[in-house]
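A.B. asks: The structure under discussion is supplied below as structure tokens; questions concerning it will follow.
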Amino acid sequence: MSKKTQRLDFLAAISGVMIALQARANGELSHRLGNGVEAALVSFGSGLIIIAIVALFSPKIKEGARNLRGAVARKELPRWTLFAGALGGSFVAVQTHIVPLIGVAIYSVASIAGQTAASLIVDRIGFTGGGKKHITPRRVGAAFFTVFAVLISVLDRIDAKDLSLFAVLLGCVAGAIVGVQRAMNGQINEHSHQSFTTSFLNFIMGTTFLVIFLAILAIFSSEKVVPLPAGPWWIYTGGVIGVVYIAFTSTIVQHLGVLTFTLFSVGGQLLGSLLIDLYSPTNGVHVSIYLVTGIAMTYLGVIVGGVNNSQGRKRLTHK
């Protein structure tokens with residue numbers, strides 16, 4: 001395995017840690033606001049402000065935007081692909097709503113299951129823009145083993161009296177959204193050649209979607225926009241994490257493939273959940289032998305699946 005491959009695998013794992021941290025921050029913000037969509041808008045909006053400031057002083061981001069305009073004009077990139085950020089907005093809206101209900105760990109189980117299922121499909125059809133990839137029985141087995149591992153990690157936390165089945169299903173849907181969004185971002189990044197341009201576009205689209213969605217809720221439902229809480233400061237870090245996360249994933253997914261990226265990021269996400277449970281737990285959360293065992297099994301699933309760069313990038317020949 002080359003040093004470049006090892007570096008990409010490590011970054012994929014770090015992106016998983018980011019998912020856990022963002023879920024904790026956004027979930028706490030949603031809990032304090034009592035409005036998941038408003039919390040998602042704060043997260044996306046703050047990320048948009050940050051990356052917009054960076055874009056003012058970054059010739060590379062502007063170059064990436066020109067590359068995208070050219071690709072769309074030449075019909076190399078479908079226009080609908082540019083709306084990947086709306087999926088990101090949907091994901092964060094779901095995340096902020098259900099994390100306070102079921103916690104980071106069970107949310108991770110549900111979202112990972114959705115991500116894995118979506119990853120198999122988008123890799124097979126070549127939706128990432130990097131070409132079609134073989135979905136072998138070994139890779140399918142590794143994906144199912146990974147889902148089983150994360151189920152083991154929270155086995156002692158599943159209580160029928162406290163667990164909302166609908167919230168868990170929403171977590172699965174959120175994970176599937178992430179899998180599709182990663183693939184769309186892979187296509188965008190292939191033409192922009194600048195990961196932060198891809199991130200900037202995502203935040204523009206995601207923030208726009210959430211503004212419209214929140215306005216609709218305010219008009220046609222009882223949802224109210226409330227003043228932002230004074231703190232703690234870390235509940236406002238979701239946007240910053242999102243800026244870095246989207247830039248990471250839009251680049252790495254082209255080289256590893258969505259499934260391979262997902263399998264490595266699962267380990268990081270579980271490790272991040274473990275650290276959160278140790279240092280900033282939500283109510284009723286505790287570290288158990290099940291969680292530690294699940295983390296070990298997840299990494300074993302990655303090894304069993306043989307998800308190295310050479311396998312992950314194997315393309316199907318076009319007939």
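A.B. asks: Looking at segment 224-248, which of the residues that are of a type in the set (Phe, Trp, Tyr) and touching a residue at least 40 places away in the same chain (Cβ under 8 Å) is farthest from residue 201 (Cα to Cα)?
C.D. replies: Only one residue fits best here, namely 234.
A.B. asks: Something else: Can you tell me which residue in segment 145-180 is surrounded by the fewest Cβ atoms within 10 Å (Cβ to Cβ), limited to those that are of a type in the set (A, V, I, L, M) and modelled with pLDDT under 70? Quick ask: steps written out before the conclusion?
C.D. replies: Taking segment 145-180 and keeping what is of a type in the set (A, V, I, L, M), we get 147, 149-152, 154-155, 158, 160, 163, 165, 167-170, 173-174, 176-178, 180.
Right, trim to modelled with pLDDT under 70 and you get 158, 160, 163.
On the way: 158: 13, 160: 6, 163: 15.
Selected residue: 160.
A.B. asks: Mind checking which pairs have a first residue in segment 200-223 that is farther than 14 Å from residue 243 by Cβ and a second that is of a type in the set (Asp, Glu) and surrounded by fewer than 20 Cβ atoms within 10 Å (Cβ to Cβ), Cβ under 6 Å, 6 or more apart or different chains?
C.D. replies: Listed pairs, sorted by first residue: 217/223.
A.B. asks: Starting from residues that are aliphatic (A, V, I, L, M), modelled with pLDDT of 80 or more and farther than 14 Å from residue 36 by Cα, keep the ones in segment 84-108 and report whichever is surrounded by the fewest Cβ atoms within 10 Å (Cβ to Cβ).
C.D. replies: Result: 86.
A.B. asks: Kindly indicate which of 53, 19 is surrounded by fewer than 24 Cβ atoms within 10 Å (Cβ to Cβ) and either hydrophobic (A, V, I, L, M, F, W, C) or within 11 Å of residue 236 (Cα to Cα) (or both).
C.D. replies: Numbers: 19 fails: surrounded by fewer than 24 Cβ atoms within 10 Å (Cβ to Cβ).
Within the list 53, 19, the selection yields 53.
A.B. asks: Which of (1) part of a helix (DSSP H, G or I); (2) in contact (Cβ under 8 Å) with a residue 12 or more places away in the chain does residue 69 not meet, given it meets every other one?
C.D. replies: (2)
The values are calculated or read from the model by the stated rules, or taken from the named source; none is laboratory data. From a predicted model like this one, the values you see are computed outputs, not experimental measurements. We place every Cβ from the backbone using ideal geometry, glycine too, and count neighbours over all the protein chains shown.
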